[in-house]
Structures are given as structure tokens and as C-alpha cells.
Amino acid sequence: MNEAKKNSHMVGTVSELSVMLEYAKRGYTINLPTTPARYDFIAEKDGRSVKVQVKHGSTFNGERELLGFSKTPYNKRDVDVIAMFDSNDGTIYYIPTDHVEGMTSIRLRIEPYLYSVKSEKALIAEHYKKFIG
């Protein structure tokens with residue numbers, strides 16, 4: 001495995017463990033799939049389960065936005081929430097899958113827009129800070 005691939009794998013692992021830790025701190029049991037699945041883990045608490053897909057958000061656009069990619073489109077039948085992890089400050093953004101249904105990339109605008117012209121492609125990060133469990 002080359003160095004870039006190792007680093008990419010490590011970033012993904014850190015993101016997944018950080019999100020799992022947040023669910024565990026809130027009293028959720030973490031279940032990992034034993035075979036390939038569209039979600040990274042299932043969090044369970046009080047008879048409710050949530051399928052979570054974790055994405056590492058890479059900053060771009062002068063660090064005003066986060067971007068996360070998927071090889072296949074997001075589908076609410078397969079995943080309940082996409083948890084995007086920002087390794088710059090440890091923030092986790094919880095995006096309901098129906099907000100990104102059919103998409104293969106997610107753009108989150110971290111900083112407020114300075115002008116009235118806004119990108120229709122970017123979701124406002126502030127709207128997705130609320131934990132979903």
C-alpha cells in the first residue's frame with residue numbers, strides 16, 4: 001500500500017472512530033457490520049437503531065467549505081444519517097440521508113456567505129450540528 005493510500009485510510013479510520021465515540025458517549029451500543037455494508041456502523045439505544053455512514057470532510061474554497069465523496073449515491077433505504085467529520089476542529093455534522101438522496105458528494109458551507117449570492121449546491125453547515133440518534 002502506497003503512502004497516500006495509507007494516509008487516506010488512516011484519516012477515514014480516525015473519522016469513523018471519532019463519530020463512534022460520540023455515539024458511545026451518548027449511551028449508544030455500536031454494532032459493526034461483519035460483511036460489506038453501505039453504512040459504517042449501527043448505533044442502538046432504547047430500542048431504536050440508526051445506520052450511520054461516516055465521511056471525512058476535506059476543506060476547500062479557502063477552508064470555507066467541507067467536501068465529502070461517495071462512490072455510490074446516498075440512499076435512505078441503506079443509511080439513516082451521514083456523519084461528516086471535520087478533522088480540523090473535530091466537529092461532526094449530522095446530515096439526514098433524505099437531504100442528500102441520490103448525491104455522491106456533499107458540500108457543507110462552514111463560514112457564512114458574505115454576499116447574497118449563494119451556492120445552491122452547498123448545505124449550510126450550521127444546520128447540521130444537531131446530533132441525530
Just checking, does region 3-15 include any residue being among the basic types (K, R) and modelled with pLDDT under 95?
yes
Filter pass, K51 being modelled with pLDDT under 95 and basic (K, R):
no
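With the structure loaded, tell me whether I110 is modelled with pLDDT under 90 and in contact with a Pro (Cβ under 9 Å, 6 or more places away or on another chain) or whether it fails that test.
Values: modelled with pLDDT under 90: yes; in contact with a Pro (Cβ under 9 Å, 6 or more places away or on another chain): no.
No: the conditions fail for I110.
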Would you pick out the residues in region 20-67 that are among the basic types (K, R) and either more than 18 Å from the chain's Cα centre (by Cα) or exposed (fewer than 14 other Cβ atoms within 10 Å of the Cβ) (or both)?
K25, R26, K45, R48
Go through region 48-99 and report how many residues are among the small types (G, A, S) and farther than 29 Å from G27 by Cβ.
2
Of everything in region 38-95, what is more than 17 Å from S18 (Cα to Cα), assigned to a loop (DSSP other than H, G, I, E, B) and hydroxyl-bearing (S, T, Y)? Give them in sequence order.
S70, T72, Y74
List pairs: first residue in region 30-41 and in contact (Cβ under 8 Å) with a residue 60 or more places away in the chain and farther than 15 Å from S15 by Cα, second residue surrounded by 12 or more Cβ atoms within 10 Å (Cβ to Cβ) and aliphatic (A, V, I, L, M) anywhere in the structure, Cβ distance under 8 angstrom, at least six positions apart or on different chains.
none
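The values are calculated or read from the model by the stated rules, or taken from the named source; none is laboratory data. Keep in mind it's a predicted model, so treat the numbers as computed, not measured. Don't worry about glycine lacking a Cβ; one is built from the backbone with ideal geometry, like all the others, and counts go over all protein chains shown.
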